[in-house]
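Report on the structure given below.
No lab work stands behind these numbers, since they all come straight from the coordinates. This one's a predicted model, so the numbers in the text were calculated from it and none came from an experiment. Ideal geometry is used to build each Cβ from the backbone, glycine not excepted, and the neighbour counts take in all protein chains shown.
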Amino acid sequence: MRSSNGRTSTRFWRWRRSPLRRRSDVVEAWIVLAVWVLALVGGAAVTLAASLTVVHIQERHRAERYPVQAVLTEAVPEEIPTADGVKTHVRAPVRWRDRYGVVRSATVSVEASGPAGSKVVFWTDRWGTPTTPPVAGAEVAAQAVAAGALAFGAWGGLVASAGCAARRRLDRIRMDQWAKEWDEVGPGWRRRIT
């Protein structure tokens with residue numbers, strides 16, 4: 001294939017018929033094509049799967065976590081000064097009735113507020129164990145995007161590494177072939193030189 005300046009293009013040389021093309025060149029061309037296809041198509045699938053998994057997990061958390069209204073059993077200061085500002089969430093002992101009417105108590109993270117007997121809200125899982133609130137809205141989207149990007153990068157690295165290993169193996173095979181051919185042809189060249 002000739003380019004506009006009259007030179008022969010070398011871009012797709014492994015795909016064209018040539019007396020200099022070896023079988024390993026064709027295999028290498030297929031490996032490069034397979035790596036690109038796997039990286040792009042597989043990467044898109046892995047990215048989508050990772051993102052949907054994160055969204056599914058967060059939806060399950062939202063379905064399994066419940067807000068609970070409880071009563072502080074000890075007074076909690078409204079604001080707690082810290083080295084980097086003011087802390088608005090503190091761990092405080094609370095008491096509440098679970099969904100089955102059983103009185104429970106625990107130390108949970110609540111917004112800093114008032115005297116003993118004040119009402120606070122925190123989250124529990126379906127077994128009544130205190131937990132963090134479910135992630136919502138933009139945070140879920142950000143986590144899904146981050147998981148997808150990490151999955152795409154990991155998949156791309158895996159596919160590229162496999163492709164590099166296969167090409168390295170082909171290079172070793174070519175070197176062995178060249179060494180064998182040189183062993184056959186080399187003595188004739190040496191006689192001509194000397």
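Things worth noting here:
- Positive minus negative residues near Ile173 (Lys, Arg vs Asp, Glu; Cβ under 14 Å): +3
- Pairwise Cα inverse-distance average, inverted: Kirkwood Rh of segment 92-165 (Å): 16.3 Å
- Neighbour counting of Cβ atoms within 10 Å sorts the residues Leu158, Leu33, fewest neighbours leading, into Leu33, Leu158.
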